[in-house]
Amino acid sequence: MKIGVLTGGGDSSAINDGIRAIVIDVKDRGGEIVGIRCGWKGLIEGDIMPLDVCHVEDIANTGGTLICTSRTNPFKIEGALDRIRENIKKIGLEGLIAFGGNDTLTVASKLAKEGLKVIGIPQTIDNDIFGTEYCVGFLSALRNIVAATNMAISSNKSHQIEMIVEVMGRDSGWLAVNSALAIGADMVIIPEFEVRLDDICSLIKRNRARGKMHSLIIVSEAIKVSGAKGLYNEIDNFGNIKFGGIAFALADEINKAISVKPRVVVLGYLQRGGMPAEQDVINSVMMSAAAVDAIYAGNFDKMVVFNNGRIQLVPLEAASEGISTVNRELYDLANRLGSRAC
């Protein structure tokens, strides 16, 4: 059996561990495995690379993706679907495993309706794919955010100045709210719930009145703050807004309101890289093995998910039914338990 594997959209740690598991598992079953380079772009262009055990023996516990990635949407490229069909025949693919987020897996679901034999693995640091509690890369990004923020806190305490840390997450606040809980941030702001600039300023003033001059606020990149302006202008190939930089606008608005200018740390791509967290590796390997099992069982058009501590298969179209968002209870808990001055 000849199986392909591709990774689309934003990269994250623990992908390579999943690829390694797939290659070893397929080869042990006597099958052939190829990497489709740069996501759907590689399937359009027929850009593949053979994968053997020797190719993956050194990629365990490494960041990024061995087979590269891109944000290519074949449904927005004229003639792309015909070229995909031709290349599937030319390569001789009998099954495909696709790692990716909402966009990548939505494309996979649409292609499954066109006859592509595909299994999806949810992979995004945003952890926002509908139908699964966990996505490959989330735990590693969370660890990176906590580590980087903790390194910056000591300087803020020394200089007695507030700090805003901006994290990724697009329309879901999973990274922000979980890092706020792990660090004990004074406040977390996420896309799911709009806040007022006055409430942010009141928190800072209240902490200062109590003697705490170094409040820590963690914000997701797509927050909505009444009275503060975002920097959401560019659009990607899937029609999504390119976020980033809201923390700078928020710091300026705070300064205008109460003459306090917080430091700003935008963690950006630091969140995605580096050695993956151990549980991320374990989950990725387990989900990848389940994907191989599904292909050999002929159980296509499915997504491997992790719910209630168990690996399951759900219809692939679940990935396009919406996004997973933070509930009010968790958000309120993170803000309620934020560190406070004595």
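Where a number appears in this text, it was derived from the coordinates with a stated rule and is not lab data. As the structure is a prediction and not an experimental result, all values here were calculated from the model. As a convention, Cβ positions derive from the backbone with ideal geometry for all residues, glycine included, and neighbour counts pool all protein chains shown.
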- Task: Mind checking which lysines have their Cα closer than 27 Å to the Cα of Lys110? Skip sequence neighbours fewer than 8 apart in that chain.
- Result: Lys2, Lys41, Lys76, Lys89, Lys90, Lys242, Lys302
- Query: So what J values fall out for region 60-73 if you push phi through Karplus, 6.51 cos²θ - 1.76 cosθ + 1.60 with θ = phi - 60°, rounded to Hz, Gly and Pro as x?
  - Reply: 4, 6, 10, x, x, 9, 4, 9, 6, 8, 7, 9, 8, 10
- What is the diffusion coefficient of region 112-170 in µm²/s, taking the Kirkwood radius over Cα pairs and the Stokes-Einstein relation at 25 °C with a viscosity of 0.890 mPa s? 172 µm²/s
- region 138-273 - share of DSSP beta bridges that are antiparallel (%, nearest 5): 5 percent
- Task: Might you report the magnitude of the Cβ-based charge dipole of region 138-273 about its Cα centre, with Lys and Arg at +1 and Asp and Glu at -1, to the nearest 20 debye?
- Result: 540 debye
- Kyte-Doolittle at least -1.0, axis length at least 15 Å by Cα - qualifying DSSP helices, the chain: 15-28, 80-91, 102-113, 138-159, 197-209, 246-258, 278-296
- Long-range amide H contacts for Ile189: which residues qualify at under 5 Å (H placed 1.01 Å from N, peptide plane, sequence gap of 5 or more or a different chain)? Ile218, Val219, Ser220
- Item | Positive dipole terminus of the chain, leading residue within Ser202, Leu96, Thr132 (C-beta point charges) | Ser202
- List, largest first, the extents of the alpha carbons of region 40-138 along their principal axes, each in whole Å. 36, 35, 21
- Item | Residues of region 95-114 with amide N under 19 Å of a point placed 7 Å along Cα→Cβ from Glu45 | 99, 104
- Message: Suppose we look only past 27 Å in the calculated P(r) of the chain. What percent of the Cα-Cα pairs does that tail hold?
- Response: 46 percent
- Query: For region 240-342, what is the Kirkwood estimate of the hydrodynamic radius, computed as the reciprocal of the mean inverse distance between distinct Cα atoms, to one decimal in Å?
  - Reply: 18.5 Å
- Message: With +1 assigned to the C-beta of every Lys and Arg and -1 to the C-beta of every Asp and Glu, and no other charges, what is the dipole magnitude of the chain about the Cα centre in debye, to the nearest 20?
- Response: 960 debye
- Item | Prolate/oblate/rounded label for region 138-273 (Cα gyration tensor, a/c 1.5) | oblate
